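Structure first, commentary second.
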Amino acid sequence: MSIIDAHVHLYPPQANRDPAAWAAGMSEPHWAVMCARRRKNGQPVQAFPGVGELLREMDLAGVERAVLLGWYWNHAATCAVQNRFYAECVRAHPDRLSAFATLNPAAGREVTVGELRRAHADGLAGLGELSPHSQGYRVDDPVFRRVLEIATELHWPVNLHVTDPKGAPYPGRVETPLADFVRLAADFPGVNFILAHWGGLLPLAASPESIPGNIYYDTAASPLLYDAEIWSRFQGRASLDRVIFGSDFPLNLYPRSDAAPAMKRFLDEAGQAGATAAVMGANAARLLGIPGVKGPV
């Protein structure tokens, strides 16, 4: 079975050297709260590996390909920095890495569309992780809607950050009303939307017939949000051909037992929970047009 981790974050070397200082210099306070802080016990929330360290971690875990997701940045300049870095990563390792572009439509139509076009020319393969609710624009923002029109033309999937309305509070949490995602998917039926973090448990909160067929869900950060029973609970309301494995690496998913993030522990949890070959690779491969990944879809 070929495994694709469809939700991984990396940052350029200048961010890795001193994440908090970099965030301050780029005026990205929300990212600093979410990613550069430490837990009450002093443990970092996540690590800041380089691309070489990511590849070694993938090899240890048996992951064939990782999809690098951008962040929902406050500023277009930060989006551009990450997109250029991801383009370099993909050019250097096209057999192991794919990448999505990040944008902030609040920067205006010309800047946003220009960045999207450049990211496409640079070989990126989708959009996300975006978060209108965190980035300061409405889901009906005309620039955002233009972005989704172009995503339709390019056949690009779009990953969106979602929080569970009933989930526990955590630093940096932003509410993301689930109805907004249903509306987007209905308005843009040609876009495959991947709702991160189990989609905030959308299938458990809405009737199946009310959820558009172009909505998928990734499993990013699952052990921090839910116990292992989430796999069976979710499968009871949504088909596994709509679920895509994603770890949220390099977030530490098991801070009570692990001092550093490790992909393999979550992969083992997924396997024990009955994740299929489709969940672990084939669904993502289908959305991204990656050949050679086998499994029922």
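The values are calculated or read from the model by the stated rules, or taken from the named source; none is laboratory data. Quick caveat: nothing in here was measured; it's all calculated off a predicted structure. Cβ placement follows ideal geometry from the backbone for every residue including glycine, while neighbour counts extend to all protein chains displayed. Side chains included, ligands, DNA and RNA excluded: accessible areas come from the protein's heavy atoms. Shrake-Rupley method; radii C 1.70, N 1.55, O 1.52, S 1.80 Å.
Tell me the per residue accessible area of the chain using a 1.4 Å probe; a whole number in Å² is fine.
40
Could you estimate the translational diffusion coefficient of the stretch 95-203 from the Stokes-Einstein equation, with Rh from the Kirkwood formula over C-alpha pairs, at 25 °C and 0.890 mPa s, in whole µm²/s?
Roughly 171 µm²/s, to the nearest whole number.
How many nm separate the modelled label positions at HIS155 and GLU229, each set 7 Å beyond the Cα in the direction of the Cβ?
Computed distance between label sites HIS155 and GLU229 equals 4.2 nm.
How long is the chain along each principal axis, judged by its Cα atoms, biggest number first, in Å?
45, 43, 39
Can you tell me what percent of all Cα-Cα pairs in the stretch 1-160 are more than 26 Å apart?
27
Let me spell out the model: positive unit charges on the Cβ of Lys and Arg, negative unit charges on the Cβ of Asp and Glu, origin at the Cα centre of the chain. What dipole size does that give, in debye rounded to 20?
300
Just the number, please: Stokes-Einstein D of the stretch 1-56 in µm²/s, Kirkwood Rh from C-alpha pairs, 25 °C, 0.890 mPa s.
The estimated diffusion coefficient comes to 194 µm²/s.
Positive end of the charge dipole of the chain (Lys, Arg +1 and Asp, Glu -1 on Cβ, about the Cα centre): tell me which of THR163, LEU253, SER98 has its Cα farthest that way.
LEU253
Rounding to the nearest 20 debye, state how big the charge dipole of the stretch 190-250 is about its Cα centre with +1 on each Lys and Arg Cβ and -1 on each Asp and Glu Cβ.
The calculation lands at about 100 debye.
How big is the charge dipole of the stretch 1-140 about its Cα centre, in debye rounded to the nearest 20, if each Lys and Arg gets +1 on its Cβ and each Asp and Glu gets -1 on its Cβ?
340
Between the stretch 118-139 and the stretch 218-269, what's the alpha-carbon centroid distance in Å?
Here the two parts' Cα centres lie 23 Å apart.
Filter the GluC sites (Glu not before Pro) in the stretch 112-177 to those in DSSP coil with at most 14 other Cβ atoms within 10 Å of their Cβ, and list the result.
Within the stretch 112-177, the qualifying GluC sites (Glu not before Pro) (loop, at most 14 other Cβ atoms within 10 Å) are GLU175.
Given Cα pairs under 8 Å that are at least 6 residues apart, what percent is the relative contact order of the chain?
Over the chain, the number comes to 20 percent.
What number, rounded to the nearest 500 deg cm²/dmol, is the helix-based mean residue ellipticity at 222 nm of the chain, given -39500 (n - 2.57) per DSSP H run of at least four residues and division by all its residues?
Mean residue ellipticity at 222 nm (helix-derived): -10500 deg cm²/dmol.
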